[in-house]
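Below is one structure; the comments refer to it alone.
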Amino acid sequence: MITPEIIVPMILDWFSTPPNSYFGSSYGYILNKFLLQPLSTPLADALLNKLKTDIPVLAMLSSNELYIVSSDNGFEQKVISLVLGNDISINLNDLNSRITSGGTFNANAS
């Protein structure tokens, strides 16, 4: 059975891997693509499509189960999060931050 404890490390690995770092594969993503882009640019859709292509198990999820949300943090800052299901939110602004699932746990813990 595929659980959040299995999927979350896959997603974190995907974000921490630069594209084309595996020979013959475009696996991975560069989050800096979000910087200094017009707000109308469809970057979230491109990120989700690439995520679902690189991690095929996520392709089974609907747009209600895997999506990106943003919220304002003060005057000039946005907080962007990847939401998986109803319980897991991954803060893309700081991937080393805690990942919350009901409570809080450290995704880097072994």
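What follows draws every value from the coordinates through simple rules; no lab data is involved. All figures in this text were calculated on a predicted structure; none of them were measured in a lab. As a convention, Cβ positions derive from the backbone with ideal geometry for all residues, glycine included, and neighbour counts pool all protein chains shown.
Our coupling estimate for the stretch 13-28, obtained by passing each phi through the Karplus curve with A = 6.51, B = -1.76, C = 1.60 and θ = phi - 60°, is 5, 4, 5, 8, 9, x, x, 6, 7, 9, 4, x, 9, 9, 3, x Hz, Gly and Pro reported as x.
Working note: Karplus 6.51/-1.76/1.60 with θ = phi - 60° gives the stretch 44-59 the couplings 5, 4, 5, 4, 5, 5, 5, 4, 5, 6, 6, 10, x, 5, 6, 5 Hz, where Gly and Pro are set to x. Shown here: the stretch 4-105, whose C-alpha atoms stretch 42, 33, 25 Å along the first, second and third principal axes, sorted largest to smallest.
Between Thr41 and Leu61, the simple label model (points 7 Å from Cα in the Cβ direction) yields a spacing of 2.4 nm. For the stretch 4-105, a crude dipole built from +1 on the beta carbon of Lys and Arg and -1 on the beta carbon of Asp and Glu, taken about the Cα centre, is about 180 debye to the nearest 20.
Taking 17 Å as the straight-line reach from the Cα of Lys52, the aspartates and glutamates in range (excluding those fewer than 8 positions away in the same chain) are Asp13, Glu65.
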